[in-house]
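The values are calculated or read from the model by the stated rules, or taken from the named source; none is laboratory data. Here the structure is a predicted model, which is why all the values come from computation and not from measurement. Because the Cβ atoms are built from the backbone with ideal geometry, glycine has one as well, and the counts that use them run over all protein chains shown. Protein only, heavy atoms only, side chains kept; ligands, DNA and RNA dropped before computing areas. Shrake-Rupley method; radii C 1.70, N 1.55, O 1.52, S 1.80 Å.
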Amino acid sequence: MILVSMTEPKMEKIMTAQIIDGKLIAAQVRENVAAEVAKRTAEGKAKPVLATVLIGDRVDSAAYVSAKGKACLELGMGSINQHLPADISQEELEKVIRDLNADPAVNGILVQLPLPEHLNEERVLQLISIEKDVDGFSPINIGRLAQKGREPVFVPCTPGGCIYLLEQAGVKIEGANAVVLGRSNIVGMPAALLLIGKNATVTVCHSRTKNLESVVRQADILIAAIGKTQMVRGSWIKPGAAVIDVGINSIPDASKKSGHRLVGDVNFDEAKEVAGFITPVPGGVGPMTIAMLMKNTLRAAQIQQGE
Ligand code: GUN
C-alpha cells in the first residue's frame, strides 16, 4: 500500500505586509460626505462652504489649496479662496479672518501653512472661530486634544487620517507601543495625542532622540512624519508592525517622464517585507488629508446649523 502524505511541502514563510490603500479609503470617506451633502441640499439646506486662505506664492501651498477647493466642488460643497499677497500685514490678515468668522455663509476656515516669516502664526490660528477651525489647529482645539476627558471640535486632518487608516485596517491601537517620528504641530504632536487618547503607549522621536533605530524597533505602530527621504529602513521595523508613512519626498528618477518620483520617510520595498501593514507613498496618507478636511467641513456646517 502506498501512503500519500496529506501535508503540504514545507515552505519558508515570507512575510509581506498588507498594503493599506489610502486612495480607496479616502474615496469611501469622500463618497459618504458627498452623499450627506446631497441629502442636505435636497432638504433645502445650504451647502457646506470652506474658505481657504493662501498667503504668498509658495508653489506647494498653492497646489494644496487648489486641491482642497477642487475637492469641495467634487463633493457638492462650496469653496472660497482668498489669495493674499506675501507682504500682507498681520493686521490686514487678522481682518480677513475676522470677516470670515463673521460670515454666516462660511462654515470652515483653513489658513494654509507655513505663513511668510513676518506673520505671527499663533495669533492667526487662535483668531479662527473654534467652530470653523476645520484644520483643528486653534489652541483651543489642540488644548482639548491634549487633555483627558475633553473633546476637540475638530481633529487635525492628516493625523486624523492616520488613525482612520489604522482603524480601517483593523490594527489594534489600545495597549500598542506606538512610535511617532517627528513632533510637528501639523502631524507629529497631534498624532501622538490622538494615539494617547486611544490608549496606546506613545513615544515621540525627533532629531535629538538617542538610539532611534532601537526605539523604532519597539513599535507595534509607527507613524513616520519626519520629512527625511526613506530614512526608516526595513531592519528598523518590528516584524508585523503597522507602518503609517506621512512623508512626501521627491527623488530623481530618470525612468519617469517628470524625471522624479515621490517616496516616503520609510524605505517601502524593505519595510513591506517585515511590517504587518504599511501605507504606500503616494496613495497612502496623502489622499486622507483632504478626505478628513471634507468630513470636518461637513461637520462644521452641521454644528453651525445646530445639528
Ligand atoms: N500645510 C501642510 N499641511 C497642512 C494642513 O494640513 N493644513 C494647513 N492649513 N496647512 C498645511
Log entry, pairs with first residue in segment 84-113 being free of Cβ contacts under 8 Å to residues at least 60 places away in the same chain, second being more than 16 Å from the ligand (Cβ to nearest atom), beta carbons closer than 7 Å, six or more apart or on different chains, reads ALA105/VAL49; VAL106/VAL49
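Looking at this structure, is MET11 of a type outside the set (Val, Ile, Thr) and modelled with pLDDT under 95?
yes
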From the list GLU92, GLU122, which one is within 15 Å of the ligand (Cβ to nearest atom), among the charged types (D, E, K, R) and in a helix (DSSP H, G or I)? GLU122
Residues in segment 56-65 that are surrounded by 14 or more Cβ atoms within 10 Å (Cβ to Cβ) and away from the ligand (no atom under 11 Å from the Cβ) total 2
Can you report the number of residues in segment 257-307 which are more than 30 Å from GLY78 (Cα to Cα) and not small (Gly, Ala, Ser)? 18
When segment 271-307 is examined, which residues are found to be touching an Asp or Glu at 6+ places or on another chain (Cβ under 9 Å), more than 22 Å from VAL37 (Cβ to Cβ) and part of a helix (DSSP H, G or I)? ALA271
Can you say whether THR158 is modelled with pLDDT of 95 or more, polar (S, T, N, Q) and under 14 Å from the mean Cα position of the chain (by Cα), as far as the supplied structure shows? yes
Taking segment 262-271, which residues are open to solvent by 20 Å² or more (accessible area, probe 1.4 Å) and under 21 Å from the mean Cα position of the chain (by Cα)? LEU262, ASN267, PHE268
Reported set for segment 161-172 where residues are more than 22 Å from LYS68 (Cα to Cα), part of a helix (DSSP H, G or I) and either without any contact (Cβ under 8 Å) to a residue 12 or more places away in the chain or open to solvent by 10 Å² or more (accessible area, probe 1.4 Å) (or both) is GLU167, GLN168
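If we only count strands (runs of 3 or more DSSP E) wholly inside segment 173-249, which ones have 2 or more residues that are crowded, with 23+ Cβ neighbours inside 10 Å?
The qualifying strands (runs of 3 or more DSSP E) are 177-181, 221-224, 242-245.
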Top-ranked residue in segment 131-160 [being out of contact with any Leu (no Cβ under 9 Å at 6 or more places or on another chain) and touching a residue at least 24 places away in the same chain (Cβ under 8 Å); ranked as surrounded by the fewest Cβ atoms within 10 Å (Cβ to Cβ)]: GLU131
Members of segment 216-244 that are among the small types (Gly, Ala, Ser) and farther than 14 Å from VAL281 by Cα: ALA219, GLY234, SER235, GLY240, ALA241, ALA242
